[in-house]
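Presented below is the structure to which this report refers.
All of the numbers you see were taken from the coordinates with simple rules; none came from a lab. Remember, predicted model here, so these are calculated numbers, not experimental data. Every residue, glycine as well, gets a Cβ built from its backbone with ideal geometry; the counts of neighbours run over all protein chains shown.
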């Protein structure tokens, strides 16, 4: 697969701005919100920046998420308040939307100032945030000082120069993952890989090991039905020697796995929100779909930035298992077909060789054969007629040995494509 040569679905909106923007991610329920807005409104204009707050830009014609994606990508700078906040009953809430926004900023390679209110001092810091430079503030005055110190160093670089730059601003290192299309990192393998998040934070006071055992037991049973599917838990990604921060490894995991399963409870662990933000940004930057199976007890449990996504609602373990059994093979087929359509001939031949591999179960080989038969349709739809016929010829040899019904179907499909091609040629002449 070729490297990406453009910036996909991103628009160069910054070129139309009267004043360059600074994206400000914050929680509207935080008691210090007034101080944060006051400091940003006083300091940012001094540097020619206009603060942009997502909550102030309601547009009923498009999802807030779409506007946020473009704004974060086009902003010269980003300020993200990662502080948890208390509601009137005293319950603490994670800033889930802000973490999603931060994930987008990391994937878009945008410079960011990370804030944490001093009221959070006694709260445990998420493992994935350890080692990051978090600027503490108490109110308007201390935040103004922090902004005046850190904002100026990033103002002169056009945003699109960094979208695909190999040098990662966040990780402060050259990263080969950054400039390549994610599917280059997802090199063809006979095993499909995904990453999974169970939605549980072992560092939270309400964590129960028996709940994790229950949820992961479901994943193990469902995924264990497929010998050609492997998965890793997002919270078990570890810091490697080549990375400075754990979030760098999370970013690489999101880029290198073709789909994901996220369980999102009301208190969603930080790394899940950031990973989803990265995934959304990559979809826009490279203009391709990254399937996400999103599990919730109720759709209302979703962060507002994820509203509008198709979700799997399941209020019990049994219901979750049944729905995963229904949706996982659909997602696997989608990933398999979309990936194979873009691969070279050698990779396709490797996929076809799987059908003759007797070490694999007959069920998985027949399933792969059915998926492979979807690829010629995709070729034909995109006017790649000869490639469709060439792939069918290769498939027929394996299908004749594997399954008579599938072989007959492939013969019929070949004849149909030939007739359609002949009709197109006649109409052309």
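Under the criterion of Cα pairs below 8 Å and six or more residues apart, the relative contact order for the chain equals 15 percent. Of all DSSP beta bridges confined to the chain, the antiparallel ones make up roughly 10%. For the options 270, 240, 61, a Gaussian network treatment of the chain with springs between C-alpha atoms closer than 10 Å singles out 61 as fluctuating the most.
DSSP beta bridges fully contained in region 182-340 are about 0 percent antiparallel. Between residue 420 and residue 333, the C-beta separation translates, for a Förster distance of 22 Å, into a calculated FRET efficiency of about 0.40. Against the chain, whose longest principal axis comes from its Cα atoms, helix 270-286 is set at around 60 degrees. Using the average count of surrounding beta-carbon atoms within 10 Å as a protection proxy, the listed peptides 101-107, 296-302 rank, highest first, as 101-107, 296-302. Per residue, the chain reaches -14000 deg cm²/dmol at 222 nm when only DSSP H runs of four or more residues are counted, each adding -39500 (n - 2.57).
Where is the GNM fluctuation largest for the chain (alpha-carbon springs, 10 angstrom cutoff): 86, 70, 20? Comparing 86, 70, 20 in the GNM, the peak value goes to 86. Placing dummy labels 7 Å off each Cα toward the beta-carbon, the span from residue 148 to residue 12 is 3.6 nm.
Contact order, relative form, for region 344-428: 27 percent (alpha carbon pairs under 8 Å, 6 or more residues apart, mean separation divided by residue count). Helix 362-372 versus the longest principal axis of the chain: what angle, 0 to 90°, nearest 10, using Cα atoms? So the helix axis and the longest Cα principal axis differ by about 80 degrees.
Relative to the longest principal axis of the Cα atoms of the chain, the long axis of helix 33-43 lies at roughly 80 degrees.
Under a 10 Å cutoff between Cα atoms, tell me which one of 292, 202, 241 has the largest fluctuation in the Gaussian network model of the chain. Maximum among the listed residues: 241. Here the peptides 261-269, 354-362 are ranked by packing, the mean other Cβ count within 10 Å, and the order with the highest first is 261-269, 354-362.
Projected label points at residue 179 and residue 309, each 7 Å from Cα along the beta carbon direction, are separated by 3.1 nanometres. The relative contact order of region 13-174, computed from alpha carbon pairs under 8 Å that lie at least 6 residues apart in sequence, is 27 percent.
The convex hull of the Cα atoms of the chain, projected and averaged over all directions, covers 24.5 nm². Considering only DSSP beta bridges where both residues belong to region 1-123, give the percentage that are antiparallel (nearest 5). Antiparallel bridges make up about 15 percent of those DSSP assigns within region 1-123.
Taking 7 Å steps out from each Cα toward its Cβ at residue 38 and residue 225 produces label points 5.8 nm apart. Scaled to the globular estimate 2.2 N^0.38 Å, the Cα spread of region 13-174, given as radius of gyration, is 1.01.
Computed packing ranks the peptides 249-257, 413-421, 208-216 as 249-257, 413-421, 208-216, most packed first, by mean other Cβ atoms within 10 Å.
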